[in-house]
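Data block below; observations after.
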Amino acid sequence: MLNIRTLWIVALAELRSCCRLVRTWLFIAVTLIFCTLWYINAWDYADWISSFLPSYLFEDQVTAQYTILTYVNGFVSIFSIAIILLAFDIRERAIHSRFSDVLDSLSASKLEITFGRIAGILLLVMIPCLVVLLLVTAGNEIVSILSETRFRLGIKPVSVMSLVAWNLIPNLIFYSALVACLVALVRIRLLIAAIALGVLLALFWIDTQIPVRFQESLSQFPSTTLVTSDLAPVFVTPAMIGNKLVVLLVSSALFLFAASVLTRSKPGRLLTVVSGASAIGVAFILLFVLIGAVHRTENLKEEWVNEHRRHSPASFPDIQHLTGVVELLPGRKIILDVILTVHPPSKTGADSVVLSLNPGYKHPNVYIDGIQTKNFSFERGILELSSDLLPDFSHEIRVQAEGKPNDRFAYLDQARDLQTLSDVPVRQLGLQNSIFHKDFIALMPSVAWYPISGTITDRDDLESRPRDLFTTDLTVTVPKSWQVATVGKRTVLEHEQRNKFRFRSGAPVPELALVASKFDQRVTTIEGVEFEVLFNKNHLQNLEALAPFSDRVLEWVAERIKNASRTSLVYPYEVFYVVEVPSNLRIYGGGWRMDTVLQPPGMMLIRESNFPQVRFENVIARIRGFNGMSKEEQEALVFNELLRYFGNDMQGGSPFVGFDRNFVSHQISVTQRGATALQFLLERLSNQLITQMESLSITSLQEFGKELPYLAIGRAKIDPYPVQALSPIHRRKNIAGIPSTWNAMDRLALFDVDYAGNPIESYRVLLTRGHALAKSMISFYGEELIGKFLDQLLTQYRGQSITVADFLGVASEVGLDFDEWVQSALEDTSLPGFLVEPAAVSKLDLPELDETQYQTTFVVYNSEPVPGLVRVLWTTTSDKYIFWLEDNISHSNPILIAGHHAKRFALRSATPLTGLWIDPFLAYNRDAIEVQILKNFEHTDVTSPPLPFVANVDWRPPETEAIVVDDLDPNFSIVKLDRNTGNFVQNSSPSKSSNTNTVYITGLPVGPDFLGLNEWHREFDPSSFGSYLRTFAIIAAGAQKSAARFKVNLPQDGRWNLEYYVSREAFRPTNVAIVKSSDIDWYHTRPANSNAPEEHYTLTIRDGHTDWDEKFDIANANVGWNAVGVFELSSTDIEVLVSASAGHKEVMVFADAIRWTPVSDTAENEESSP
């Protein structure tokens, strides 16, 4: 038995001994300064960043107060090092100060001396550590009282208590014990310190490798494995307690081993060693128990999956209506009493009827049409009834059950288990599938808290299993002062001792979520729809800050509902709830798509760690400081910031993700072939008709942690979305531009995609084709007609499942001929591909006009068998470089061009056009196509009669003797100068990179100006030359040691004219970011200076006998083809080398295409061969 008084005496003696050391005060001072500077830096950065909204709200991004404790663990590490550096020479200090003689005079055991001395050092280190944490916590609370507007890091006292209890104290005890044991066993002081620091670093590295699902059990910082929450806080879990017991047992063993080595007069060394070994043994047993508990959970999930996948969809009933009573006893249990109106399985041969119910419920009672039955089984979440009990067309199944839902019974079929990763950000996605806390309840549909049709696996395999749609009428009882949100309008039934609410929805839903807690309630009605906001009373700062802008918010929401009304669509659930939920609730679902779970029918769930805690008041204050803007302009800017915030949200808590799903998608289910594609198409159609905004949440959580390469495809397109939505649009376009997406689209039609087998590739194809098809349908047929089609679809099939035939049949009824091109877009792999001829410009022959009018004509040919839509874009503003997002670019309505057909376009303008593009909705071209406008039209006297804007013509690309080599051709390559021979040799560029953020196309990496100085890469641009893909090779700050080589085999030698193609990007007057590895260097580039003769391209033409070095005047070149010269060639094997140097490091070299054209001997005005 340890003597506390002796321990205290020894500890105080050691503390005084350490206080006499200079290094003690030096280390404390350095540590406190470091911690203070770190915290001030974090404070200042957080205060600065709070004046702006995040450009992207990433999947794992939350506000500072929910992640700061992860960084506070650095304090623990610093003071753990302090323990090591103060205790590693404890023996020598005792001998030198004759402290050991004092110890020998005490009547103390070996263990008391060992533990007492280390306790003294531990106490010395704990004091400044606790002072730092106290100052941090108190500082936050003081600032929150003195200044409501200044940003706070928001460390909560309860979080600090958790940090001290589970991270700080156990770790300091462990490293104290480790050093004590090393001091007893090792005589070399430096070796003691090295081993202890090595163990610390090793454990830190191991901590970064532990999968998320094991972190509570194995991490040395278990308190930070819990996702911080104000709404449903968790202080400790059984796994954390077991974790720290292991640490304390190992620490005890180390102390015992250290004590056993000391030379003392009292016997008992054997007992001490045995006690230490026993502690180690118990620790290992407990550790294996903790690991085994996790494995048992995973095995249980596997059992659930196997059991659920054993059942066929032929045994799944069709639930028509769900009614009953749900009594919630927070933190304890649910009392469930519900009646399901069902149609038994329609397919014959089913021996049973299968429902799913959370296995946390115990001993359910089942009634069929009011008569209790025992002829059922309830195992592993499967409630299985004999089909003989349901002989008729319709029956009522009553289920009574009590219990606490098992949180693990959800998302069993997820395509990717993110908790196998060790990334800390994974935790910020939420670890709890549902929440049944004493302060908060969030019952998500996927935990089967109510009986659902069929199994909980493969619910997104719509081809074989349509979604079950049903109406609801539920009575929910909760504690007094609690509010409840679920689908349907709330009616108060009782408000005395407990609150009782009734929710009824006459419109069908595919699933049901229920959220309950103490909320601040705010209600408004907009265009006949009631909106109710339920936030925690401590998280109202943004609602208050944005209150002056409420008129703009209401006007925006009203316009969205009017959009629906104009297209015959109506919000069906009467009330739309916006509910704050805890940050530890999982935000993504299961299945192949792993879609957001924050958008259940009739509701939008917002995480407490995002919008409720973002400091909009600082953003407003910053914008109010813009003195050059009017109050109205400032308010508009604040509102745009709000829209941008939700548009850039990647966590699913945005109205742009799910609000429009309520109008159509939640009320209809698609089944059989093509079901997934059609269901997604219905979502996209609703989105583009109603909210008309996109969100970054379109990215599947399957791709979490995988950064997509940015290919900069689509810079010329003009979309009817406001500027604040450009980030989601660019994200989608970037996904659509990845070569692997196009390779998949070449193989897979929308109706034939294997979503479960290759979910990431499949979703990219679905997103690319599905969005483009929805946009094409609305643009071609018009919003009103598409809305009428969706309304008719709902009228005929609301609450039912439809097939492709039903889809096409309803379209035909409202006058839409989807057979013309929509059906082929769904069922075919082919896409249209467009070719254009250069535009001709003439003056209009219209004498009645006072001013000259110009007519620009050109032909667009679809060289593929599949029809496709295009728009025409044009401008008259600039002749060289055009900023695409300016308002001065006009565009036409969409035009359908049939396969292997051509259309002639004729545009009238008061001044000649300077830019002209064809913008396909989705085609092999991938991007807009710039139409070259023939020059020298200013002096022409050619006139022409007015032509219709568009007309069918019989046109095919003309045959030509010219031979073109493009940068995508096999005869194009990058060559480098061989130092030994002085010749250029082909560069062995890889076809792919180990860096997943880099994409290669035909041997060159692709990216927009950011792949390194003096390195060739490839870019897309509409003004480039190409058949379908318009690209060029480019190099910045290039040297003469590399070149772009165009090789060609001409049909004969003789006189040939060489031309060089220049894209519009060569005249871009902006800076570009060049990224090398992880460093960013803003490198200035500019067009060549026409007054600097040294700024030119150097072209070397070789025919095997003669070399010509030509200076190509890039500064005075035109967009398109430019003459280089006529050459007398003595061979047919020719190569043209374009040097990587343009005479100045700021002038980039563009290598796009060359064209050789034979020159007739009788041609006039031939240029002499150089």
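Values quoted throughout were computed directly from the atomic coordinates according to the rules given, and no laboratory measurement underlies them. Keep in mind that what you see is a predicted model, and the values were worked out from it rather than measured. We place every Cβ from the backbone using ideal geometry, glycine too, and count neighbours over all the protein chains shown.
Structure data summary
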| item | result |
| --- | --- |
| Computed E for Ser812/Arg979 - FRET, C-beta separation, R0 51 angstrom, nearest 0.05 | 0.10 |
| Extended-chain gain in nm, criterion 0.36 nm per residue less alpha-carbon gap, Ala547 and Leu286 | 88.5 nm |
| C-alpha long axis of helix 4-19 to longest principal axis of the chain, angle in ° | 50 degrees |
| Cross-link partners of Lys374 among aspartates and glutamates (Cα-Cα below 12 Å; sequence separation of 8 or more within a chain) | Glu384 |
| Cα long-axis angle, helix 550-566 against the chain (0 to 90 degrees, to the nearest 10) | 60 degrees |
| Furthest towards positive pole of dipole, Gln220, Tyr1097, Ile285, structure part the chain, Cβ charges | Ile285 |
| Protection-proxy order for peptides 527-535, 217-225, 1039-1047, each taking the mean of Cβ atoms within 10 Å per residue, highest first | 217-225, 1039-1047, 527-535 |
| Added length on full extension, which subtracts the Cα-Cα distance from 0.36 nm per residue, Thr914 to His1105 | 64.5 nm |
| Normalised per residue, the volume of the convex hull around the Cα set of the range 261-342 (Å³) | 161 Å³ |
| Label point distance in nm, Arg5-His343, each placed 7 Å from Cα along Cα→Cβ | 8.6 nm |
| Estimated [θ] at 222 nm from DSSP helical runs (n ≥ 4, -39500 (n - 2.57)) normalised by residues in the chain, nearest 500 | -10500 deg cm²/dmol |
| Rg to Rh, two decimals, where the range 313-452 supplies the alpha carbon set and Rh follows Kirkwood | 1.03 |
| For the chain, projected area of the alpha-carbon convex hull averaged over all directions, nm² | 59.1 nm² |
| Cα-Cα over 25 Å, subset of Lys562/Lys775; Lys362/Lys438; Lys500/Lys562; Lys733/Lys775; Lys562/Lys788; Lys489/Lys562 | Lys500/Lys562 |
| Nearest-ten-degree value, helix 804-813 long axis tilted from longest Cα axis of the chain | 50 degrees |
| For the chain: relative contact order, % (alpha-carbon pairs under 8 angstrom, 6 or more apart) | 7 percent |
| FRET efficiency, 1/(1 + (r/R0)^6) with R0 35 Å, evaluated for Thr208 and Asn538 via beta carbons | 0.55 |
| Signed unit charges on C-beta, dipole axis of the chain, positive-most listed residue Trp1121, His1084, Leu185 | Leu185 |
| Gyration tensor (Cα) of the range 834-953, equivalent ellipsoid semi-axes in angstrom | 25, 17, 12 |
| Full-stretch length increase - Ser892, Gln372 - with 0.36 nm per residue and alpha-carbon distance subtracted | 180.5 nm |
| Where Rh is the Kirkwood radius over Cα pairs, Rg/Rh for the range 645-826 | 0.94 |
| Exposure proxy ranking, count of Cβ atoms within 10 Å, fewest first, for Trp482, Trp1016 | Trp482, Trp1016 |
| Student exercise, the chain dipole from Lys, Arg, Asp, Glu Cβ charges, in Debye to nearest 20 | 6620 debye |
| Exposure proxy order (Cβ contacts within 10 Å, fewest to most) of Lys1111, Lys500 | Lys1111, Lys500 |
| Positive-pole candidate from Ile897, Phe921, Val22, dipole of the chain, charges at beta carbon | Val22 |
| Whole-percent pair-distance distribution, where bins are 5 Å wide, for the alpha carbons of the range 796-853 | 4, 12, 14, 11, 10, 7, 6, 8, 10, 8, 6, 4, 1 |
| Fewest-first ranking of Glu930, Glu848, using other Cβ atoms within 10 Å as the exposure measure | Glu848, Glu930 |
| Distance between modelled label sites at His901 and Glu396, nm, 7 Å Cα→Cβ extension | 5.9 nm |
| Distance between modelled label sites at Leu245 and Val523, nm, 7 Å Cα→Cβ extension | 5.0 nm |
| Inter-centroid distance (Cα atoms) of the range 553-601 relative to the range 72-86, Å | 47 Å |
| Those aspartates and glutamates that a straight Cα-Cα span of less than 17 Å connects to Lys404, excepting residues fewer than 8 apart in one chain | Glu327, Asp337, Glu379, Asp439 |
| Theoretical FRET efficiency, 1/(1+(r/R0)^6), r = Cβ-Cβ of Glu92 and Leu300, R0 35 Å, to 0.05 | 0.05 |
